[in-house]
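Notes for the one structure printed next.
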Amino acid sequence: MRLDLGEEVDATPNLTPLIDIVFLLLVFFLVATTFRKEEVEMDLRLPDATTGTTKKDARPIIINVLESGALTVDGKEIRMPVLEQMLRSAAKRNEGQEVLIRGDTNTQFGVVARVLDACRAAPLRQIAIGATPRANGR
């Protein structure tokens, strides 16, 4: 076999198959990944607190009490009887089930108190109140 040195040979690799594979992998991971929506309402203004702890590993039931007094769990608005039944079911499944109550600063305390009562009646004992951390000097 004889190579004519007068001809130029194109030595750049064809990147089209590589780009195709990268895009296919990207689509695969986007479809295969489940995006878990955190139960954090962005329009909820939490009160400040100087003490308390945060837990990163637990998956509590998060109950949001909006300024209007409406209750949301998992992004869905629910009524108090439904919440009470849900809390009783959760207590039967898991004695140590944690509950996080996030009440808007401007909501009526009576609504938050009714949610606390529902948690205690379930009976759930791992109850936390959501607040925004505040510096001690503030």
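Structure above, values below:
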{"read-out": "Out of 73, 31, sole residue that is out of contact with any helix residue (DSSP H, G or I) (no Cβ under 6 Å at 6 or more places or on another chain), at pLDDT 75 or above, aliphatic (A, V, I, L, M) and surrounded by fewer than 13 Cβ atoms within 10 Å (Cβ to Cβ)", "value": "31"}
{"read-out": "Tally, over the stretch 86-96, of residues that are surrounded by 13 or more Cβ atoms within 10 Å (Cβ to Cβ) and out of contact with any strand residue (DSSP E or B) (no Cβ under 8 Å at 6 or more places or on another chain)", "value": "2"}
{"read-out": "Cβ-Cβ under 7 Å pairs, at least 6 apart or on other chains, the stretch 91-118 side over 18 Å from residue 69 (Cβ atoms), far side in a loop (DSSP other than H, G, I, E, B) and among the polar types (S, T, N, Q)", "value": "91/97"}
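The values are calculated or read from the model by the stated rules, or taken from the named source; none is laboratory data. No experiment lies behind these values; they were computed from the predicted model shown. We place every Cβ from the backbone using ideal geometry, glycine too, and count neighbours over all the protein chains shown.
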